[in-house]
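Working notes, beginning with the structure itself.
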């Protein structure tokens with residue numbers, strides 16, 4: 001029993017170290033920690049992390065066939081790691097003055113589905129911040145963007161399903177909804193938009209961009225192209 005408890009502690013420490021390495025952008029160290037974790041656990045999520053980490057750049061490149069295989073296997077969802085079972089694939093962005101704290105939480109009790117969720121804690125204005133994926137979308141194409149969110153804070157303000165891109169050096173942006181105040185449990189938000197013509201075709205997509213004050217959890221995000 002003592003040996004089992006020690007192994008459990010070691011596994012938890014390895015997973016935490018892997019997540020911290022991903023936060024720093026150190027994928028090599030993260031891969032080493034998850035490989036070590038796989039020696040202690042046969043859990044499917046550990047091996048899913050390994051599968052993603054062994055080919056993250058290929059999965060993130062919409063020009064590669066591996067990416068489209070991944071999309072097909074996930075029912076046409078264009079996001080990588082849309083259920084936040086790992087911390088892979090999502091980049092934090094915000095102005096230098098942003099006070100938003102973003103972290104990936106490996107806690108099934110906080111997640112909408114599965115074992116992981118993104119959590120944002122914001123002390124309040126003036127500026128927010130969020131995590132995004134940058135995807136190449138078809139100009140003029142119609143897309144549906146959705147996410148499950150949970151919010152806490154009577155004065156919370158948080159644009160949802162936010163996007164931005166650059167055209168001729170000018171930033172264009174929009175959001176499909178705004179969360180004001182708390183939610184009663186989890187709430188699904190969704191909306192449709194037409195992809196604008198932007199430089200390089202790349203658009204940043206944020207499930208939520210908290211401006212606070214309050215806390216927002218986001219899970220199970222989806223982006224799909226419509227006929």
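Of the strands (runs of 3 or more DSSP E) entirely within the stretch 152-227, those holding at least 2 residues that are crowded, with 21+ Cβ neighbours inside 10 Å and under 19 Å from the mean Cα position of the chain (by Cα) occupy 157-167, 202-208, 214-225.
Can you confirm whether residue 92 is modelled with pLDDT of 55 or more, assigned by TED's automatic domain parsing to the domain that holds residue 203, outside any loop (DSSP other than H, G, I, E, B) and within 24 Å of residue 209 (Cβ to Cβ)?
Details: modelled with pLDDT of 55 or more: yes; assigned by TED's automatic domain parsing to the domain that holds residue 203: yes; outside any loop (DSSP other than H, G, I, E, B): yes; within 24 Å of residue 209 (Cβ to Cβ): yes.
When the stated conditions are applied, residue 92 passes them.
Report yes if residue 21 is at pLDDT 75 or above, surrounded by 14 or more Cβ atoms within 10 Å (Cβ to Cβ) and part of a helix (DSSP H, G or I), otherwise no. Yes, satisfied. Report yes if residue 144 is touching a residue at least 60 places away in the same chain (Cβ under 8 Å), closer than 27 Å to residue 226 by Cβ and part of a strand (DSSP E or B), otherwise no. The answer is yes for residue 144. Residues in the stretch 140-193 that are more than 20 Å from residue 220 (Cβ to Cβ) and modelled with pLDDT of 90 or more: 140, 141, 142.
The values are calculated or read from the model by the stated rules, or taken from the named source; none is laboratory data. A quick note: this is a predicted structure, and the numbers were derived from the prediction, not measured. As a convention, Cβ positions derive from the backbone with ideal geometry for all residues, glycine included, and neighbour counts pool all protein chains shown.
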